[in-house]
Amino acid sequence: MFVNLLFMNLILKNDFYFKALMIWIFFALCVFIIILIFKPSTYGRHFNYNSICINNRLGWFIMELPTVLLMPYFYFSGSLNFNLVTFTFIMLYLMHYINRVFVFPFKINTKGKKIPLLIVLSAMIFNTFNTFFIGYYFGNLSRLYDLEWFYSPCFIIGFLLFLVGAYINYQSDKILINLRKGSETGYKVPFGGLFKYVSCPNHFGEIIEWIGFAILTCSVPAFSFAILTIANLLPRSIQHHDWYKKKFPDYPVNRKAIIPFLI
């Protein structure tokens with residue numbers, strides 16, 4: 001069913017939209033190669049102090065904000081009648097980003113830290129395009145869903161993966177946030193949860209989350225988002241892992257970078 005529906009997506013009308021989407025996926029692969037090879041030092045522990053920067057919390061808020069502002073517009077301004085199934089897809093997407101915009105930035109303990117403006121602007125552009133591709137598709141082109149979709153194997157499996165990924169992401173972020181107490185600013189080795197197995201379980205959880213989203217929607221734009229997420233987070237996780245091992249001589253030797261027991 002999953003492969004068949006993806007194929008049907010590709011032959012739907014609006015040829016320009018799907019060509020643009022294919023370019024977007026090609027862009028994801030280019031991003032993956034660039035990050036993997038050049039390992040940019042422009043964020044977090046790899047921060048480049050020569051960059052133009054803004055407050056870290058403000059940067060997180062601004063760069064994720066387009067998702068919650070634009071998704072309702074792209075979806076509800078579409079030509080299709082209201083559909084409970086696609087509405088559920090949109091709510092799952094917004095659930096993740098409402099946390100990222102209105103909760104996460106105000107919980108992180110990064111007093112005095114900065115984030116490069118280039119990273120903020122790049123993330124805003126990515127979030128705008130990604131939100132457009134997903135919101136426009138479900139608002140205008142997704143004529144293939146009825147209420148029986150909620151009982152399909154794709155939805156059930158994808159929804160469970162989405163919830164598992166969201167939980168891993170949330171739990172891992174919570175562990176990282178609680179590493180610093182009071183006015184502490186240094187880096188520490190995180191423990192607990194999936195940190196027992198990997199250096200970046202927060203990234204691992206987010207990848208699982210959006211793979212689940214792609215499966216539960218069986219849609220090309222969601223599939224492209226999963227590819228983009230992997231292309232962005234996999235090389236960054238490897239970079240984080242290498243940094244941990246150099247920074248802490250007693251770093252757990254059995255930890256992988258992002259996928260337990262594998263990578």
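Bear in mind these aren't lab numbers, they're just calculated from the coordinates by the rules spelled out. Since we're looking at a predicted model, the values are computed, not measured. When we count neighbours, we look across all protein chains shown, and the Cβ atoms used for this are built from the backbone with ideal geometry, even at glycine.
Restricting to DSSP loop positions (anything but H, G, I, E, B) with no more than 12 other Cβ atoms inside 10 Å of their own Cβ, which chymotrypsin sites (Phe, Trp or Tyr not before Pro) remain in segment 153-254?
Those that pass, being in a loop and sparsely packed, are Phe191.
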With the crude spin-label approximation of a point 7 Å out along Cα→Cβ, what separation in nm comes out for Asp15 versus Phe102?
4.3 nm
Relative contact order for the chain: what percent, with Cα pairs under 8 Å and sequence separation of 6 or more?
25 percent
Can you tell me the length gained on complete extension of the stretch Asp250 to Leu84, counting 0.36 nm per residue apart and subtracting the Cα distance?
54.6 nm
Distance from the Cα centre of segment 210-263 to that of segment 101-169, in angstrom?
16 Å
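How long are the three semi-axes of the equivalent ellipsoid of the chain, in whole Å, if each is the root of 5 times an eigenvalue of the C-alpha gyration tensor, listed from largest down? Working shown, then result.
Working: eigenvalues 218, 80, 63 Å².
Largest first, the chain gives 33, 20, 18 Å.
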Counting only residues 5 or more apart in sequence or on a different chain, those whose built amide H sits under 5 Å from that of Val198 are Lys256
